[in-house]
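Asker: Take a look at this one; I'll ask things after.
Just so it is clear, none of the values below were taken in a lab; they were calculated from the coordinates. All figures in this text were calculated on a predicted structure; none of them were measured in a lab. Note: ideal-geometry Cβ built from the backbone for every residue, glycine included; neighbour counts use all protein chains shown.
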Amino acid sequence: MNRLLLNQYIDLYVDDFKRINKMEIYKWRAVKQFRKAWNPDDENFPKMLENALSKTGNLMASGNYFPRRIIIDLANFDPDFIKNSFKRLYDEEQDLFYRIENFQDQIEKLLSSYKPDWKGFQDDRAVMVYLTLRFPNIYSFYKFKMFKDFCRKLEHEYDPKPGKKENVTQFLHVCKLVKAELEKNGELINKHFGRLGDEEYIDRSLNILTQDFIYAVANHLDAEDQRQNGDSTYLTLKNPDFKQEKVDVQLEGKHVNFASIQKKRTHVGKIGEEIVIKYEMKNLPKSLKDKVTHASVEEGDGLGYDILSYDENGKDKYIEVKTTTGDWFKPFYATQHELERSIQERDSFYLYRLFNLDEEEQKADFFIIRGDLTEYCTDPTEYKIEFTPSDKTQVHSI
């Protein structure tokens with residue numbers, strides 16, 4: 001496994017944690033629900049099983065895949081048979097391979113009596129869901145395609161093949177390797193436990209977190225979209241439910257290192273700021289040209305803007321510059337200070353989005369967003385900004 005790639009993906013996962021968690025938090029709730037409801041000796045076993053599996057969502061139902069419905073139907077058809085099948089599956093003193101194959105074989109036999117045309121609905125994925133719901137400190141949710149895509153992206157030496165008996169055990173082995181790296185990331189661990197409340201299973205073993213990361217790598221993340229040339233280019237979805245919380249920020253110029261924030265003194269960022277300064281000076285009357293200041297350089301980071309300029313009436317313009325060599329729509333980061341400045345100076349704050357930067361020619365296309373940036377921000381810690389086509393109303397070239 002390529003550990004460099006693994007840690008790059010961990011950084012991406014941490015940065016995109018809020019969005020991914022919003023989509024996947026149901027898994028921790030599914031485990032909590034199962035553990036609360038599971039009672040194999042319940043007088044109404046089928047009803048108990050339905051209740052126990054009620055929050056499994058896409059784990060057991062997607063498209064033409066519906067093992068949850070099948071197992072509940074079979075429990076109603078022959079409750080004692082299904083009850084005993086689960087008891088044998090959950091016997092941890094027996095070999096895992098044996099338990100999985102025996103469970104599948106028994107269910108297939110019963111299914112042939114109930115629905116002769118139906119086969120294969122209790123595959124490895126379904127059985128691993130049952131095992132993880134019951135023993136989340138031992139197992140992790142499994143999907144063949146997820147595992148295969150993860151191995152490919154991480155350049156792992158094992159190549160999963162359909163029908164291979166050892167796929168599941170190899171997956172559990174990969175989970176152990178990955179978890180060992182996840183445990184080292186304090187920021188991730190804090191975020192993970194911070195999201196778990198009364199509705200969620202407290203995943204102290206980190207097994208569900210590990211699977212969630214593996215699933216995110218396979219389906220949501222791409223290391224090629226990682227920071228390049230000073231750009232924080234991450235593919236994200238704009239969160240329409242984001243609500244800005246009031247933050248007490250002292251807007252004073254000072255040289256500090258804001259950890260995990262896109263605004264750094266990078267080569268591309270500096271070029272963009274210098275281009276905007278020239279553009280502003282070019283369009284100002286002589287009396288104001290000399291007053292334009294490169295504030296982030298002269299006074300340091302922490303002001304919440306890069307350039308102090310003026311409009312045609314001599315009114316202050318607080319300008320933040322975000323530059324990319326790529327397309328206009330690539331999301332990027334805004335610091336807490338920049339967001340706060342945009343709120344406090346909403347009538348005088350301007351975000352210049354420079355894109356298609358030509359470093360050699362010192363030219364770029366750009367558009368301007370004026371005022372409060374709250375509606376564009378998608379993460380309350382490191383503010384990801386993403387535009388939609390309607391935002392790009394007037395594009396200019398510098």
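Asker: Determine, for each peptide in 183-193, 81-91, the mean count of other beta carbons within 10 angstrom over its residues, then list the peptides with the highest first.
Answerer: In decreasing order of mean packing, 183-193, 81-91 become 81-91, 183-193.
Asker: If I take R0 = 30 Å and measure r between the Cβ atoms of E166 and D42 in this structure, what FRET efficiency does the formula 1/(1 + (r/R0)^6) give, to the nearest 0.05?
Answerer: 0.25
Asker: Count the lysine pairs in region 267-397 whose Cα atoms lie under 18 Å apart, taking only pairs 8 or more positions apart in sequence or on different chains.
Answerer: 26
Asker: Which aspartates and glutamates does K27 reach when only Cα atoms under 15 Å apart count, and residues fewer than 8 places away in its own chain are ignored?
Answerer: Counting by Cα, and skipping residues close in sequence, K27 has these aspartates and glutamates nearby: D198, E199, E200, D203, D212.
Asker: Right, another one. Could you check the simple spin-label distance between D358 and T374, using points 7 Å along Cα→Cβ, in nm with one decimal?
Answerer: 4.1
Asker: Just to be sure I understand the model, the point goes 7 Å from the Cα along the line to the Cβ. What's the resulting K115 to D347 distance in nm?
Answerer: 6.6
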